[in-house]
């Protein structure tokens with residue numbers, strides 16, 4: 001700092017100015033030092049290169065760090081080295097031209113580094129080491145000796161490692177993240193990972209893993225995330241995950257799991273070939289994903305003591321039903337909030353099947369063969385998705401005592417009408433805000449059909465076969481929308497509606513968004529929108545040749561955002 005202030009010795013600084021100025025200059029000085037360090041490193045790389053060859057590696061400033069972080073880092077901690085499209089001898093020479101240089105990261109990618117010699121990292125000290133897409137297959141003994149005490153993250157993705165050598169991780173007892181994804185590892189045996197006491201994340205996805213010896217992970221007591229997705233596992237035994245007492249997420253996604261006996265954890269599973277699973281005492285587990293497997297029955301799933309389980313997914317399996325008692329083992333999973341069984345072959349859900357998990361907030365059952373549903377006393381349930389099933393009539397749907405239900409969706413089924421009384425069981429669902437029955441075959445809605453859900457704020461009936469917004473109540477035609485005084489958004493796009501009469505929408509005194517596009521509308525009554533607080537109106541792509549003069553005059557111009565009349569045949573007067 002002496003040189004910086006040399007030409008300002010006669011100036012008087014107030015204490016506050018000095019306090020502000022010195023940190024600023026310290027930051028600039030620190031940045032300049034790092035820039036100088038990078039320049040010196042690049043010079044060393046250039047000197048190590050053969051004549052007329054491009055240097056094998058380059059130095060980069062880590063611009064993602066804040067000024068506070070930069071000031072707190074030592075030496076050259078906020079710079080990283082990148083080596084790409086090089087061969088091992090060139091990278092070796094470049095790295096050994098340094099002098100035990102501390103850096104934030106060493107990243108080698110798209111190179112040819114088949115073997116890592118013992119002294120490859122003798123002169124560099126990274127916190128993160130990443131070697132990707134480089135044909136790596138062998139580590140010589142002692143390769144991590146010089147960097148083991150400092151290294152926190154080791155990424156070896158997309159190489160050709162065929163196994164884990166017993167001595168490979170001897171010096172990495174402080175490692176926190178190990179990523180071996182995209183290699184050719186076929187098995188994991190006991191003792192291979194025992195040195196990784198501090199490991200919190202282990203990724204061995206996208207390998208050829210077919211065998212995990214019992215107790216292989218028993219030394220990894222701090223592990224929180226284990227990703228084994230996209231492998232060839234065929235059997236998971238009781239001892240496979242022994243010792244993983246702090247595991248929160250286990251990823252076995254994309255497997256071929258058939259039989260599972262789970263006991264206390266959160267798992268993500270799919271695209272492997274697992275046939276048997278028995279897991280116990282993983283009481284920190286929060287999320288369990290068994291997607292993309294071959295599970296045929298939930299009777300084969302035992303998930304006892306999963307006291308912290310919050311998400312459970314069986315998507316894209318071959319489950320044919322959820323019978324009463326199938327989920328009994330989940331009774332102690334009192335924090336389970338979400339259950340997803342989408343894209344299976346489920347035709348039936350037993351009336352008491354979900355009682356053990358009555359605290360559920362979200363149920364996703366889309367893309368199945370469900371024709372009827374009877375759900376009672378799920379008083380915490382907030383969202384229920386029954387999309388893409390085989391429901392033909394809402395008379396087959398009984399949803400009693402769902403007092404907290406806010407979202408209900410029947411999209412893409414085969415429902416032909418909503419008759420008076422069909423939604424009677426929803427009368428106690430006083431918090432239901434959104435109902436969607438889009439993409440069905442609904443041609444008629446009874447005049448009182450929507451009375452039990454009069455508090456709705458969003459109603460989606462798009463992509464159906466409605467021709468009118470009115471139904472006959474025995475005396476006259478009345479709008480089936482009449483009970484929905486709190487409705488804010490109404491989606492009726494892509495139906496066969498032919499006209500909008502004066503009273504079709506008159507009761508919708510809270511309506512903000514009205515979508516009537518892509519219908520067959522030929523006439524709209526001049527007072528159809530009177531009294532409606534509309535901000536968005538979509539009338540585009542109808543058969544209108546004329547719009548009544550002044551039809552939009554009653555709308556508040558200061559809040560009106562959209563009136564879409566594109567694709568009409570008329571000269572519209574707005």
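The values are calculated or read from the model by the stated rules, or taken from the named source; none is laboratory data. As the structure is a prediction and not an experimental result, all values here were calculated from the model. We place every Cβ from the backbone using ideal geometry, glycine too, and count neighbours over all the protein chains shown.
Quick notes
- Taking first residues from the stretch 37-54 that are closer than 21 Å to residue 104 by Cα and partners that are part of a helix (DSSP H, G or I) and at pLDDT 95 or above, the Cβ contacts under 7 Å between residues at least 6 apart in sequence or on separate chains come to 45/94.
- Matching residues in the stretch 422-440 - criterion: being touching a strand residue (DSSP E or B) at 6+ places or on another chain (Cβ under 6 Å) and either assigned to a strand (DSSP E or B) or on the phi > 0 side of the Ramachandran plot (or both): 434, 435, 436
- Among residues of the stretch 476-505, those that are assigned to a loop (DSSP other than H, G, I, E, B) and either under 21 Å from residue 546 (Cβ atoms) or within 37 Å of the chain's Cα centre (by Cα) (or both), counted: 18
- Residues within the stretch 418-438 that are surrounded by 19 or more Cβ atoms within 10 Å (Cβ to Cβ) and either farther than 19 Å from residue 486 by Cα or over 28 Å from the mean Cα position of the chain (by Cα) (or both), tallied: 7
- Residue among 406, 329, 333, 318 that is surrounded by fewer than 18 Cβ atoms within 10 Å (Cβ to Cβ) and under 25 Å from residue 250 (Cβ atoms): 318
- Selection count, the stretch 341-366, where residues are surrounded by fewer than 19 Cβ atoms within 10 Å (Cβ to Cβ) and closer than 20 Å to residue 409 by Cα: 9
- Only one of 351, 356 that is at pLDDT 85 or above and outside any loop (DSSP other than H, G, I, E, B): 356
- Residue in the stretch 363-373 that is over 30 Å from the mean Cα position of the chain (by Cα) and more than 20 Å from residue 487 (Cβ to Cβ) present: no
- Against the numbered list (1) assigned to a loop (DSSP other than H, G, I, E, B); (2) in contact with a strand residue (DSSP E or B) (Cβ under 8 Å, 6 or more places away or on another chain); (3) within 17 Å of residue 568 (Cβ to Cβ); (4) modelled with pLDDT of 95 or more, residue 547 comes up short only at (4).
- Every condition in (1) crowded, with 18+ Cβ neighbours inside 10 Å; (2) in a loop (DSSP other than H, G, I, E, B); (3) out of contact with any helix residue (DSSP H, G or I) (no Cβ under 8 Å at 6 or more places or on another chain) is met by residue 135 except one, and the failing one is (1).
- Only listed residue being within 26 Å of residue 493 (Cα to Cα) and either in contact with a helix residue (DSSP H, G or I) (Cβ under 9 Å, 6 or more places away or on another chain) or modelled with pLDDT under 95 (or both), chosen from 397, 391: 397
- Scanning the stretch 144-174 for residues that are more than 19 Å from residue 198 (Cβ to Cβ) and modelled with pLDDT of 90 or more yields 157, 158, 159, 160, 161, 162, 163.
Residues are listed down the side, and each one gets a yes or a no for (1) more than 17 Å from residue 446 (Cα to Cα); (2) modelled with pLDDT of 95 or more; (3) out of contact with any strand residue (DSSP E or B) (no Cβ under 7 Å at 6 or more places or on another chain); (4) buried (at least 17 other Cβ atoms within 10 Å of the Cβ):
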| residue | (1), (2), (3), (4) |
| --- | --- |
| 467 | no, yes, yes, no |
| 471 | no, no, no, yes |
| 480 | no, yes, no, yes |
| 491 | yes, yes, no, yes |
| 497 | no, yes, yes, yes |
| 514 | yes, yes, no, yes |
| 518 | yes, yes, yes, yes |
| 529 | yes, yes, yes, yes |
